[in-house]
Amino acid sequence: MAVQKKLLKGGTQQPLVYNFVDAFRQTGYLTTYLAKAGGGYIYVTDPSFKSEQIATRTECATLNTSTFSGANFITADLDWNVPVNVKGDCFLNVPVRTREDTNLYQYFVSGSIYHYNGTTEIPIASGARSMIYGIISVGGVGNFSGGYQCTAVKLNVPSQTHFKPGDILRVKYSINFSGSVAAPGDLSPAMAHDPADRTEIITGPASVNQIIFGGGYGTVSTRNSLNIPIKLDI
C-alpha cells in the first residue's frame, strides 16, 4: 500500500494509505465499504466494521421482463478529514441477489457521485450497469436463491474535484430488478452491505423463500465497496 502525506489545518500531517496504485495515471485508489449505521448508510475504510444490518431486502409482489421494480435507493456519505483531489474512474461493486424460482432475472444498477460541502450538492460522476442471470436451487424444491452477482459499475469523474477537510463525497444509487411474474411476496431482491463480510440468510414470507448471502452458496463476499481515484502528489 502506498502512503502519501497530507497537510492538514495547523500544519499537522496525516498519512493517507491507498489500497492500490495506478502509477501510469498517477492515481492512488482508496477502497471504502458501504455499511448501515444509525438507520442510514455510510462509507467506512475499516473492513472489520460490522454493519448493523448485513443486507437490505425489498418486497416485490411481481417482477416482469418489460419493467424494472423493487428498487433499493441508497444514499451514503464519506467525510474527508484530509484534502484530496479526485479524478478518474470510481468503481462501485454491489453484491445483489433475488429470490426467483422460474426464469431469468435482470439487475440494473445506476449511480451518481456528488461533492457536498454541507450546503450544495454538485454532481461529479454518473454511470449504470445492466446484467442478466439465471437461478440456482438451494436446499430442495421450492427453495431457490438467485445466483449471486457482484455488479460492477464504473463512475467516471472527468474533471479534477478538490475535497477539503469537512467536505463529503456523497454516493446515490438505485438497484432495480426485472424477471418473470411470480406470486406476491415470492420475489425479494436484496443487496448486501457488510464490511466485515458476514453471512446472511434472509427468510421470505414462507420459510423456504430464502435469499442466501455467503455460506458457500455462490457468494464470495457481502462487502459492498467503492474504489475512489485520488491524484498523487508527484
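The values are calculated or read from the model by the stated rules, or taken from the named source; none is laboratory data. Worth saying up front: this structure is predicted, and the values here are computed from it rather than measured.
Observations
- Any hit, the stretch 205-216, residues being modelled with pLDDT of 85 or more and within 30 Å of Tyr29 (Cα to Cα): no
- Criterion violated by Arg198 - all others in (1) more than 17 Å from Thr151 (Cα to Cα); (2) modelled with pLDDT of 90 or more; (3) among the basic types (Lys, Arg) satisfied: (2)
- Scanning the stretch 140-183 for residues that are at pLDDT 90 or above and part of a loop (DSSP other than H, G, I, E, B) gives Lys164, Pro165, Gly166, Asp167.
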